[in-house]
Amino acid sequence: MSSIKARSKSHHSSIKINGPISPALERQITQKFGFPQPLNSKNYEMFHIEIEKPLGQYLGIQLTDSCIVHSVNRDDVDVIFGDLWLEVNETWIEDKKHFTEMFRKMKKDANGSIKLKIKIVRLLWKQNLPDDRMPMDILPRREYKYHLAIIYGIPKMHLTLALKALNGKVI
């Protein structure tokens, strides 16, 4: 797999993972998200994110039981709501309990700071809308960009979404 450096801030960085994904991994990702229909690599992107934090500092990230990010209470990380954590420091994460055990052991063995190298899956939620797919009753304007929004229903996750409608169509 090849990788591309995305961007870097102090104490963390993220690297996009490019390359083929095995069908077995795609099944595991679908299962961890709890989706009834299989996902494929067109539905998501994979990243390695590194977070370094001093001992005693709050991690500031809440996970669901299947290790999907439920909330992020800090500005200095590239983790967002809905990210699925697959691995930490190249160890597969079974569930939140497994991650908690690993994190406690890392804190116990750490010398001043903890470094987490996390492999995540991020669902793609928008695609460019080609001109030929525009609804016939809406005239495109040059100053706007139009996108298809993809909304995922992740079990045990709550999302509030404000939508606008025009002529009975969500815009």
Do we find that residue 71 is modelled with pLDDT of 90 or more, of a type outside the set (Lys, Arg) and more than 18 Å from residue 16 (Cα to Cα) in this structure? no
Residues (surrounded by 12 or more Cβ atoms within 10 Å (Cβ to Cβ) and more than 30 Å from residue 148 (Cα to Cα)) located in region 108-126: 110, 113, 114, 115, 116, 117
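With respect to residue 28, determine if the residue is over 12 Å from residue 154 (Cβ atoms), part of a helix (DSSP H, G or I), out of contact with any helix residue (DSSP H, G or I) (no Cβ under 8 Å at 6 or more places or on another chain) and at pLDDT 90 or above.
Considered against the rule, which asks whether it is over 12 Å from residue 154 (Cβ atoms), part of a helix (DSSP H, G or I), out of contact with any helix residue (DSSP H, G or I) (no Cβ under 8 Å at 6 or more places or on another chain) and at pLDDT 90 or above, residue 28 comes out as yes.
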Hits in region 91-122 - residues which are of a type in the set (A, V, I, L, M) and within 23 Å of residue 45 (Cβ to Cβ): 93, 116, 118, 120, 121
Failed item in (1) modelled with pLDDT of 90 or more; (2) assigned to a loop (DSSP other than H, G, I, E, B), with residue 77 passing the rest: (1)
Can you pull out the residues in region 80-97 that are of a type outside the set (S, T, N, Q) and not in a loop (DSSP other than H, G, I, E, B)? 84, 85, 86, 87, 88, 92, 96, 97
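Of all residues in region 95-142 being among the polar types (S, T, N, Q) and free of Cβ contacts under 8 Å to residues at least 60 places away in the same chain, which is farthest from residue 21 (Cα to Cα)? Steps first, answer last, please.
Let us first name the residues in region 95-142 that are among the polar types (S, T, N, Q), namely 100, 111, 113, 127-128.
Filter once more, so that each one left must be free of Cβ contacts under 8 Å to residues at least 60 places away in the same chain: 100, 111, 127-128.
Numbers: 100: 27, 111: 35, 127: 21, 128: 24 Å.
Going through the qualifying residues, I end up with 111.
Yes or no, residue by residue, for (1) surrounded by fewer than 17 Cβ atoms within 10 Å (Cβ to Cβ); (2) over 29 Å from residue 127 (Cβ atoms); (3) in contact (Cβ under 8 Å) with a residue 12 or more places away in the chain:
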position: 43; (1), (2), (3): no, no, yes
position: 55; (1), (2), (3): yes, yes, yes
position: 62; (1), (2), (3): yes, no, no
position: 65; (1), (2), (3): yes, yes, yes
position: 75; (1), (2), (3): yes, no, no
position: 80; (1), (2), (3): yes, no, yes
position: 89; (1), (2), (3): yes, yes, yes
position: 92; (1), (2), (3): yes, yes, no
Selection within region 108-135 - within 22 Å of residue 153 (Cα to Cα), at pLDDT 85 or above and either aliphatic (A, V, I, L, M) or more than 27 Å from the chain's Cα centre (by Cα) (or both): 120, 121, 123, 124
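The values are calculated or read from the model by the stated rules, or taken from the named source; none is laboratory data. Quick caveat, the model's predicted, so the values are computed rather than measured. In this analysis, Cβ positions are derived from the backbone assuming ideal geometry, glycine residues included, and neighbour counts consider all displayed protein chains.
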